[in-house]
Amino acid sequence: MKRSNIILLVIGAVLLLLVFNGCGSYNSMVNKQEATSSAWAQVENVYQRRVDLIPNLVNTVKGVANFEQKTLTDVINARASATQMKVDASKLSPDQLQKFQASQGELSQALGRLMVVAEQYPQLKATQNFLELQSQLEGTENRIAVERGKFNDVVKDYNSYIRKFPQILYAGMFGFDKKGYFEAEKGAEKAPEVKF
Amino acid sequence: MRFLLEVNMIKRFLVLLVFSWVAILLHAKEIPAKPNPPRLVNDFINVLSAEENAALESKLKAYSDSTSTQIAIVIEQSLEGDDDFDYSQRLAETWQIGMAGKNNGLLIYIAIGDRKIRIQNGYGLEGSITDAFSRRLIEEVIKPNFKQQAYYEGLEQATTLIMKKASGEFVNEDFGSEGDAEGGFISTFIILSFIILMFILANRGRGKGGNGGLHGPTPFIGTFGSRGYSSGSDFGSSSGGFGGFGGGSFGGGGAGGSW
């Protein structure tokens with residue numbers, strides 16, 4: 001066999017390999033991207049759960065004589081702006097995620113303050129309704145933490161996959177972009193202040 | 001541009017560093033290995049007597065056999081400074097209590113030395129075992145018993161209530177909290193009418209096909225029957241020990257308390 005033939009054969013084989021490899025990588029990238037979308041759906045679910053709890057909570061607290069109004073309106077406003085913030089589940093770009101986190105973070109803080117203030121009203125703490133709402137809210141915050149963690153794991157898997165060789169060659173070509181993470185909440189490390 | 005990129009990288013690295021430090025400072029407690037042979041009651045410090053342990057185990061195993069819902073109990077001395085929610089959530093996810101797909105596992109975690117208890121339930125039980133229910137269970141059933149060191153009595157009563165509450169979800173399709181017999185009747189009725197309907201449909205299909213006859217519906221019924229049995233058999237073996245945790249996943253639902 002001539003030398004040029006051998007070279008052609010080798011080039012052909014390499015090209016074929018690249019194409020096969022590209023198909024495999026593409027399919028894996030699609031799978032991993034789908035996994036991020038479904039993890040995101042779970043994240044939205046648990047945040048929605050929290051949003052749905054708030055009207056009930058606000059109504060319960062409102063019923064208590066001279067409850068501090070400012071904390072209530074803060075919660076209502078934060079809820080309104082948090083529900084307006086929508087994220088495109090197919091993109092999940094880092095800056096979108098950061099905005100989402102910021103608006104939900106405000107709601108977390110407002111809710112945290114509300115619960116702290118509520119502690120100062122013994123007549124409120126005594127009601128079964130409030131106790132149940134409190135445990136539901138706690139459970140929801142836990143669920144949020146869990147789903148955020150799971151989302152981060154899936155995104156990490158996806159992000160590291162698309163940035164590895166040889167996927168990195170195809171990722172840009174087919175529009176597989178890096179997705180954002182949830183970062184530790186600003187101010188989450190310090191508990192809300194309690195004033196007496 | 002490149003400078004900015006580098007700054008970003010350094011930032012990210014620092015964040016990671018801080019995270020790892022936080023992790024070290026909080027020193028996450030290590031999850032114990034899955035029990036082998038598999039058990040639902042895992043009392044690592046022998047708070048329960050052998051008889052109490054066996055009674056709980058057989059009760060939970062019977063429940064898991066009949067409903068596939070796995071209720072596991074873990075009793076340890078201490079959380080070693082770890083957060084009760086974090087730790088029990090990780091434990092439940094690592095052991096994969098409950099069935100895959102159904103996610104119908106529930107973990108009752110107790111740290112005797114810390115006087116802390118947590119109930120964690122899988123995604124599949126969130127509809128019946130609400131956080132508010134778990135909280136009430138802890139406040140009204142578990143705490144009063146545990147305060148008098150009546151651990152077995154507390155767990156006995158709590159698991160009974162959990163079973164009653166959860167049964168609505170997988171066995172009786174929520175026909176009410178009580179009346180197992182009635183629920184059983186209705187579900188048999190539904191299954192029976194479903195079989196009859198299938199029978200009729202299969203017969204009709206045969207008729208249209210034109211090759212009717214005595215053998216018509218029999219093969220269909222045959223496969224239907226065997227399928228029904230095989231799905232029954234992954235609910236765990238009917239004799240011997242507990243078959244093992246089935247791959248359930250947890251979303252963080254539940255409640256906790258200390259006594």
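Viscosity 1.306 mPa s, temperature 10 °C: give me the Stokes-Einstein translational D for region A:4-77 in µm²/s, with Rh taken as the Kirkwood radius over C-alpha pairs.
Values: Rh = 17.6 Å.
The diffusion coefficient I find is 90 µm²/s.
Once the dipole of chain A is set up with Lys and Arg at +1 and Asp and Glu at -1 on Cβ about the Cα centre, which of A:Q134, A:I7, A:G22 lies farthest towards its positive end?
Going by the charge dipole, the pick is A:I7.
What is the distance, in nm, between label points placed 7 Å from the Cα along the Cα-to-Cβ direction at B:E30 and at B:K164?
4.2
Would you mind checking region B:103-128 for residues with the amide N under 17 Å from a putative spin-label position 7 Å along Cα→C-beta of B:K147?
B:115-117
Restricting to DSSP H runs of at least four residues, report the calculated mean residue ellipticity at 222 nm for chain A, -39500 (n - 2.57) per run over all residues, nearest 500 deg cm²/dmol.
About -26000 deg cm²/dmol.
Which chymotrypsin sites (Phe, Trp or Tyr not before Pro) does region A:23-55 hold that lie in a coil by DSSP with at most 15 other beta carbons within 10 Å?
Values: sites: A:Y26, A:W40, A:Y47; in loops: none.
Taking region A:23-55 and a limit of 15 other Cβ atoms within 10 Å, no loop chymotrypsin sites (Phe, Trp or Tyr not before Pro) are found.
For region A:21-144, max minus min Cα coordinate along each principal axis, in Å, sorted largest first?
Extents along the principal axes, in whole Å: 68, 25, 17.
Cross-link partners among lysines for B:K116, C-alpha distance below 22 Å, same-chain residues fewer than 8 apart left out?
A:K125, B:K29, B:K34, B:K143, B:K147
Need one value for A:140-146: mean number of C-beta atoms belonging to other chains within 10 Å of its residues' C-beta atoms.
Values: counts 3, 2, 11, 9, 2, 4, 11.
Per residue, the average neighbour count from other chains is 6.
Below 19 Å, Cα to Cα, which lysines can B:K59 reach? Residues fewer than 8 away in the same chain don't count.
B:K164, B:K165
Which one, A:Q48, A:F100, A:M173, is farthest towards the positive end of the dipole of chain A when Lys and Arg carry +1 and Asp and Glu -1 on their Cβ?
Value computed over the given set: A:M173.
Set the Förster radius R0 to 22 Å, insert the Cβ-Cβ distance between A:V19 and A:I168 as r into 1/(1 + (r/R0)^6), and round the FRET efficiency to 0.05. Before the final figure, lay out the partial values.
Working: r = 17 Å, r/R0 = 0.75.
So the FRET efficiency works out to roughly 0.85.
Explain nothing, just the number: dipole magnitude of chain A about its Cα centre with +1 on each Lys and Arg Cβ and -1 on each Asp and Glu Cβ, in debye rounded to the nearest 20.
On the way: 24 positive and 20 negative charges, 155 e Å.
My answer is approximately 740 debye.
Can you put A:V10, A:V61 in order of accessible area, largest first, using a 1.4 Å probe? Walk me through the numbers on the way to the answer.
On the way: A:V10 85, A:V61 0 Å².
Largest accessible area first, the list is A:V10, A:V61.
Quote the accessible area belonging to A:V19 in square angstrom, nearest 10, computed with a 1.4 Å probe and with ligands, DNA and RNA left uncounted.
90
The values are calculated or read from the model by the stated rules, or taken from the named source; none is laboratory data. Because the structure is a prediction, the values reported are computed rather than measured. When we count neighbours, we look across all protein chains shown, and the Cβ atoms used for this are built from the backbone with ideal geometry, even at glycine. For accessibility, only protein heavy atoms count, side chains too; no ligands or nucleic acids. Shrake-Rupley method; radii C 1.70, N 1.55, O 1.52, S 1.80 Å.
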